[in-house]
Each structure stands twice: as structure tokens, then as C-alpha cells.
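Q: Attaching a single structure in C-alpha cells format; questions to follow.
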Amino acid sequence: MRAIGWRSAAATGFAVGICMGAILTLAAGPALAACGTAPGPGVDWSGCRKPAKFLARMNLSGGQFSGGDLSRTNMKSADLSGARFEKTELTAAVFVSAKLVQANFQKAFGSRMFFAKADLADAMLGKAELTRADFANARLTNADLRGAQLPRANFAGADLTGVNAREANLSRAVFSGIAASGLDLTNSYLYRASFHDADLSGVIGLTAEQLRGTCGNAATQLPEGLTPPETWPCNGD
């Protein structure tokens, strides 16, 4: 009886071990498999490390990249409409000419990423930390930049119509040649921002106090009631 009991217990333990292993494998399987999924519309790479990948001109609309790493990944001219990049690392990522309509970059972070000529209409960049991001000639109409950290960003020639940049850090950013009707700069930090050759006549929330720390020139157009500070013209960094 003792031998039978021992063997029965051993067999039971072995069976339980197999079952637990199978459960753990099943639980881990989908997450591991998702990172190996081929790129395409709706791809789910949430939490996946995909640095230095070549995804240019691909259709990745609706893709899930939140919490992952896309540093140095090339997504030039890709369709990323509605894609999610919350809390994703984007250092040196390339989005040149990409379609990013309604994409979500909230709390994304990194430096020196390239959004030149990209379509970011209605995109969400609230509280993103994107140092030295290049948005030259990009379309950001009605984008949400509230509380974003965008020091030294380049918005030269960008369409910022209707952008909400309340309380954003835009220090040393470049705004020359922008379209800015309805751009809301209420309480945004603009130290040493460059407004050379910028039409700010339709900007909302801009104050004389904010302007005192900025740079502009004779071609800069200001909202009604504001005049160029005595420090103008000056050279931005």
C-alpha cells in the first residue's frame, strides 16, 4: 500500500507539473508570438523591441506599438494612421512623409526623431518627451500637444492650424514659416523659441511675457495687441 501510495503521489505530481508547464506556455505564447508577427495593418507589437527595423512604405495602419522600442526604425512614407505609440521609445526613428493621422504618441519619448513632411492631423502627443524632433513642413492640424516636452523641435514650414500646445515645453523650438491660425500657446514655455518670419497673428494665448524670452524679426507678425519686445531682433539657437 505504501509503494502504491508513493507511486500514485509521484504520478499525480508529475501530471500537475506537466499541466502547470502547459498553462505557462500557453500564457507566454501569444505575447512572444506577437513580437514575431509579420508587419501589416493592425499588427500588435505592444511592448516589443524592434530597433533599427526597415518598415518604409508599409501599411501599418492601426498598429499597436505601445511600450515598445522603435529606436532608429525607418518608417518613411508608411501608413500609420491610428497607430498607437504610447510610452514607446523613438530615438532617431524616421517618420518622414509618413501618414500618422490620429496616431497616439502620448508619453512617447526619445530624441532626434524625424517627422518632416509627415501627416499628423489630429494626432495625440500629450506629455510626449521628444527632444530635437524634426517636424519641418509636417501637417499637424488639430493635433494635441498639451504638456508635451518638445525642446529644440523644428516646426519650420509646418501647418500648426488648430494645434493645442497648452503648457507645452517649446523652448528653443523653430517656428519660421508656420501656418498657425488657432494655435493655442496658453502657458507654453517658449524660452529662446525662434519666430523669425512667422505669422502668429492667429495664435491664441500668447502673452507679452512669453514673447520677451523669444526671438523674432521685422517679418514676424503678432496677434493684435502685442508688440515686438525690445530684445528683438535676436538670434535664436
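The values are calculated or read from the model by the stated rules, or taken from the named source; none is laboratory data. If you're wondering where the values come from, they're calculated on a predicted model, not measured in any experiment. Cβ: placed from backbone, ideal geometry, glycine included. Neighbour counts: every protein chain shown. In case anyone asks, the SASA skips ligands and DNA or RNA and just uses the protein heavy atoms, side chains included. Shrake-Rupley method; radii C 1.70, N 1.55, O 1.52, S 1.80 Å.
Q: Which one is farthest from ALA168 (Cα to Cα) among residues in region 206-220 that are open to solvent by less than 30 Å² (accessible area, probe 1.4 Å) and assigned to a loop (DSSP other than H, G, I, E, B)?
A: The extreme case among them is THR220.
Q: Condition first: under 21 Å from PHE95 (Cα atoms), touching a residue at least 12 places away in the same chain (Cβ under 8 Å) and either in a loop (DSSP other than H, G, I, E, B) or out of contact with any strand residue (DSSP E or B) (no Cβ under 9 Å at 6 or more places or on another chain) (or both). Can you find one or more residues in region 221-234 that meet it?
A: No, region 221-234 has no match at all.
Q: Scan region 100-141 for residues that are outside any loop (DSSP other than H, G, I, E, B) and either surrounded by fewer than 21 Cβ atoms within 10 Å (Cβ to Cβ) or not aromatic (Phe, Trp, Tyr) (or both) and jot them down.
A: Hits for region 100-141 are ASN104, PHE109, GLY110, SER111, ASP119, MET124, GLU129, LEU130, THR131, ASP134, ARG139.
Q: Residue pairs, Cβ under 9 Å, 6 or more apart or interchain, first in region 109-132 and of a type in the set (Phe, Trp, Tyr), second open to solvent by 70 Å² or more (accessible area, probe 1.4 Å) and at pLDDT below 95. List them.
A: Note: no pairs meet the criteria.
Q: Quick one: ALA148 ticks every box in (1) surrounded by fewer than 22 Cβ atoms within 10 Å (Cβ to Cβ); (2) of a type in the set (A, V, I, L, M); (3) closer than 19 Å to LEU120 by Cα bar one, so which box is it?
A: Here ALA148 clears every test but (1).
Q: Open to solvent by 50 Å² or more (accessible area, probe 1.4 Å), in a loop (DSSP other than H, G, I, E, B) and either farther than 27 Å from GLN102 by Cα or in contact (Cβ under 8 Å) with a residue 24 or more places away in the chain (or both): does that describe ARG172?
A: Yes.
Q: Can you say whether ALA92 is at pLDDT 95 or above, open to solvent by less than 30 Å² (accessible area, probe 1.4 Å) and of a type in the set (A, V, I, L, M, F, W, C), as far as the supplied structure shows?
A: For ALA92, the condition - at pLDDT 95 or above, open to solvent by less than 30 Å² (accessible area, probe 1.4 Å) and of a type in the set (A, V, I, L, M, F, W, C) - is not met.
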